[in-house]
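Scroll down for the structure; my scribbles are underneath it.
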Amino acid sequence: MRIVFIIAEFDPFHMGHAYLLGRVRERFPQCAVAAIMSGNFTERGEPASIERFTRARAAVLSGVNLVISLPFPWCAASSEYFARAGVAVAKGIAAAYPNEEHILAFGRECGEVNKIKKVSGRVGSGEFASEAVRLGHSYHGARGIEALYRELYGDDGAELLSSPNDTLAVEYIKAISSLSAHITPYAVKREGAEHNGEAPRGDFASASYIRGLFLSGRTDEAIRFMPQKSAEATLEFIRRYGAASPERAGDAMMLSLRTADGKNAEKIAECAGGVGRRVIDAARSSGTYRDMAARAATKQYTNARLRRAALFTVLGVESFRGTLPTYTEALAADGVGRNVLHDSVRRGEIEILTKGADFGKMTPASAGSYLCEARAERLYTLAFSPALPSDEFLKISPFMMRE
């Protein structure tokens, strides 16, 4: 079996994802497609609008063969750690078929593949890392990486590091190289609305635009930018729960932020360099999460960086730099996906959890990671109105589509 991997949030699974999947099917018609999907908190440092098992079911109903998890906290990390963790999960699954050259498919915006590879090689080089140390340059996060790149190499390819999908593409290729994964990158030019674009283009709208429609109650308008099966699964969820609200989740975190120990903030992921102390101080002088974010904002740090710092502070996530996921969780599959899942359990190089209640049977490292994810799941239930029982989404079984 040859596998095409897609690392994604699918929040929600929309026409742009369907376009990428269609191009993958055209280019690799005999391959299984396995998505490695973010959990209920995302790279933005915010809750996903739709719960992860629903998003996974929507993806499989729309043509993906298998959806497995990108565990927390990596799913809520900056692009470097997000991409590296996703590639590590793909490598672990791909090990079940060691004689195949597997594929990682992703969208690109303005960059050509060869240019993405060139920029990736520079960012992943020892020269880049050593110059960062020599210059005393803090280059974590997209802004810092782009600034240092321009210092070292000028404008040659630097524009890729200001484009979200191209930045991820650079990190994917860098991770494939550094992890020695037998995976070939395959880039598909994005069509339609821009990433985080305000206006749809034809049938294409960005995920952020669609999420905004959910939160404003314009669900019927939102689903026209989604494939039918994805829209049906998503509608079922929204009619029962509504969409998760970043502000409700943020306000629920304010007590923990106000009472956090600022002296230990440097140990928390994304909180080095005074970021954690800044977030805590802003929380203590703010009445709402939105006010806190506004007070903490600076030109140096992206809003997403500050949201991740707040999230990791509340959940007590210490720096995970240099670590990789040791497990993944099965979320949804069709017949082909179940075969890949079965083979990966037997011959893969990563633990696979197929039922949450069985986490205690995993190695201590994986069980500990799952408990961290469970804490995030319990926080996630506070993003709904009214707030849900803390274990509402911890007892869901994977969706297995029958042929």
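The values are calculated or read from the model by the stated rules, or taken from the named source; none is laboratory data. For clarity, every value in this text was computed on a predicted model and none was experimentally measured. Here Cβ is always computed from backbone atoms with ideal geometry, including for glycine, and neighbour counts include all displayed protein chains. Note: areas computed on protein heavy atoms with side chains; ligands, DNA, RNA excluded. Shrake-Rupley method; radii C 1.70, N 1.55, O 1.52, S 1.80 Å.
Which is over 24 Å from PHE72 (Cα atoms), of a type in the set (Asp, Glu), without any contact (Cβ under 8 Å) to a residue 40 or more places away in the chain and surrounded by 17 or more Cβ atoms within 10 Å (Cβ to Cβ), of ASP291, ASP281? Talk me through it step by step, then tell me what you get.
Working: ASP291 fails: surrounded by 17 or more Cβ atoms within 10 Å (Cβ to Cβ).
Checking each option against the conditions leaves just ASP281.
Test ALA332 against the criterion of being open to solvent by less than 30 Å² (accessible area, probe 1.4 Å) and either part of a helix (DSSP H, G or I) or touching a residue at least 12 places away in the same chain (Cβ under 8 Å) (or both), and give yes or no. Talk me through it step by step, then tell me what you get.
Details: open to solvent by less than 30 Å² (accessible area, probe 1.4 Å): yes; either part of a helix (DSSP H, G or I) or touching a residue at least 12 places away in the same chain (Cβ under 8 Å) (or both): yes.
Against the criterion (open to solvent by less than 30 Å² (accessible area, probe 1.4 Å) and either part of a helix (DSSP H, G or I) or touching a residue at least 12 places away in the same chain (Cβ under 8 Å) (or both)), ALA332 qualifies.
Scan ALA181, ALA231, ALA244, ALA175 and give me the residue that is of a type in the set (A, V, I, L, M, F, W, C) and closer than 21 Å to SER162 by Cβ. Give the steps one after another, and end with the answer.
Details: ALA181 fails: closer than 21 Å to SER162 by Cβ; ALA231 fails: closer than 21 Å to SER162 by Cβ; ALA244 fails: closer than 21 Å to SER162 by Cβ.
Sole residue among the options that is of a type in the set (A, V, I, L, M, F, W, C) and closer than 21 Å to SER162 by Cβ: ALA175.
Tell me, please, whether a residue that is of a type in the set (Val, Ile, Thr) and either at pLDDT below 95 or exposed (fewer than 14 other Cβ atoms within 10 Å of the Cβ) (or both) can be found in the range 239-262.
From the range 239-262, those of a type in the set (Val, Ile, Thr) are 259; that's our starting set.
Among the residues that remain, those that are also either at pLDDT below 95 or exposed (fewer than 14 other Cβ atoms within 10 Å of the Cβ) (or both) are: 259.
Yes, the conditions are met somewhere in the range 239-262.
Among the residues of the range 68-90, how many are small (Gly, Ala, Ser), in contact with an Asp or Glu (Cβ under 8 Å, 6 or more places away or on another chain) and in a helix (DSSP H, G or I)? So that I can check it myself, show each step before the final result.
Let us first name the residues in the range 68-90 that are small (Gly, Ala, Ser), namely 69, 76-79, 83, 85-86, 88, 90.
Checking the rest, the ones that are also in contact with an Asp or Glu (Cβ under 8 Å, 6 or more places away or on another chain) come to 69, 76-79, 83.
Now restrict to residues that are in a helix (DSSP H, G or I): 76, 79, 83.
The number of residues fulfilling the criteria is 3.
GLY273: more than 30 Å from GLY217 (Cβ to Cβ), in contact (Cβ under 8 Å) with a residue 60 or more places away in the chain and in a helix (DSSP H, G or I), yes or no? Lay out the reasoning, then the answer.
Values: more than 30 Å from GLY217 (Cβ to Cβ): yes; in contact (Cβ under 8 Å) with a residue 60 or more places away in the chain: yes; in a helix (DSSP H, G or I): yes.
Spelling it out, GLY273 is indeed more than 30 Å from GLY217 (Cβ to Cβ), in contact (Cβ under 8 Å) with a residue 60 or more places away in the chain and in a helix (DSSP H, G or I).
What about VAL314, is it open to solvent by 10 Å² or more (accessible area, probe 1.4 Å), within 29 Å of CYS271 (Cβ to Cβ) and either in a helix (DSSP H, G or I) or free of Cβ contacts under 8 Å to residues at least 12 places away in the same chain (or both)? I'd like the intermediate steps shown before the answer.
On the way: open to solvent by 10 Å² or more (accessible area, probe 1.4 Å): yes; within 29 Å of CYS271 (Cβ to Cβ): yes; either in a helix (DSSP H, G or I) or free of Cβ contacts under 8 Å to residues at least 12 places away in the same chain (or both): yes.
The answer is yes for VAL314.
On the given criteria, is ILE50 part of a strand (DSSP E or B), of a type outside the set (Phe, Trp, Tyr) and open to solvent by less than 10 Å² (accessible area, probe 1.4 Å)? Explain how you work it out, then say what you get.
Numbers: part of a strand (DSSP E or B): no; of a type outside the set (Phe, Trp, Tyr): yes; open to solvent by less than 10 Å² (accessible area, probe 1.4 Å): yes.
No.
Between PHE320, PHE359, which is assigned to a loop (DSSP other than H, G, I, E, B) and either touching a Pro at 6+ places or on another chain (Cβ under 7 Å) or open to solvent by 40 Å² or more (accessible area, probe 1.4 Å) (or both)?
Working: PHE359 fails: assigned to a loop (DSSP other than H, G, I, E, B).
Within the list PHE320, PHE359, the selection yields PHE320.
Considering each of SER62, SER79, SER69 in turn, give the residue that is closer than 16 Å to GLY337 by Cβ and open to solvent by 10 Å² or more (accessible area, probe 1.4 Å). Don't jump to the end; show me each part of the working.
Values: SER79 fails: closer than 16 Å to GLY337 by Cβ; SER69 fails: open to solvent by 10 Å² or more (accessible area, probe 1.4 Å).
So the residue among SER62, SER79, SER69 that is closer than 16 Å to GLY337 by Cβ and open to solvent by 10 Å² or more (accessible area, probe 1.4 Å) is SER62.
Kindly provide the set of residues from the range 13-44 that are open to solvent by less than 20 Å² (accessible area, probe 1.4 Å) and either hydrophobic (A, V, I, L, M, F, W, C) or modelled with pLDDT under 95 (or both), ordered by number.
PHE13, LEU21, VAL24, PHE28, CYS31, ALA32, VAL33, ALA34, ALA35, ILE36, MET37, PHE41
Would you say ASP220 is modelled with pLDDT of 75 or more, part of a loop (DSSP other than H, G, I, E, B) and of a type outside the set (Gly, Ala, Ser)?
no
Being under 16 Å from ILE7 (Cβ atoms), modelled with pLDDT of 85 or more and not in a helix (DSSP H, G or I), is that true of even one residue in the range 187-209?
Initial filter on the range 187-209 (under 16 Å from ILE7 (Cβ atoms)): 187-188, 190, 195, 207.
In the following step, the residues that additionally are modelled with pLDDT of 85 or more were identified as 187-188, 207.
Narrowing further to those that are not in a helix (DSSP H, G or I): 187-188.
Within the range 187-209, one or more residues are under 16 Å from ILE7 (Cβ atoms), modelled with pLDDT of 85 or more and not in a helix (DSSP H, G or I).
Considering each residue of the range 108-138, count those that are of a type in the set (Val, Ile, Thr), modelled with pLDDT under 80 and touching a helix residue (DSSP H, G or I) at 6+ places or on another chain (Cβ under 8 Å), and give that number.
Here is the first cut: in the range 108-138, the ones of a type in the set (Val, Ile, Thr) are 113, 116, 119, 123, 133.
Filter once more, so that each one left must be modelled with pLDDT under 80: 113, 133.
Narrowing the set further to residues that are touching a helix residue (DSSP H, G or I) at 6+ places or on another chain (Cβ under 8 Å) leaves none.
Total satisfying the criteria: 0.
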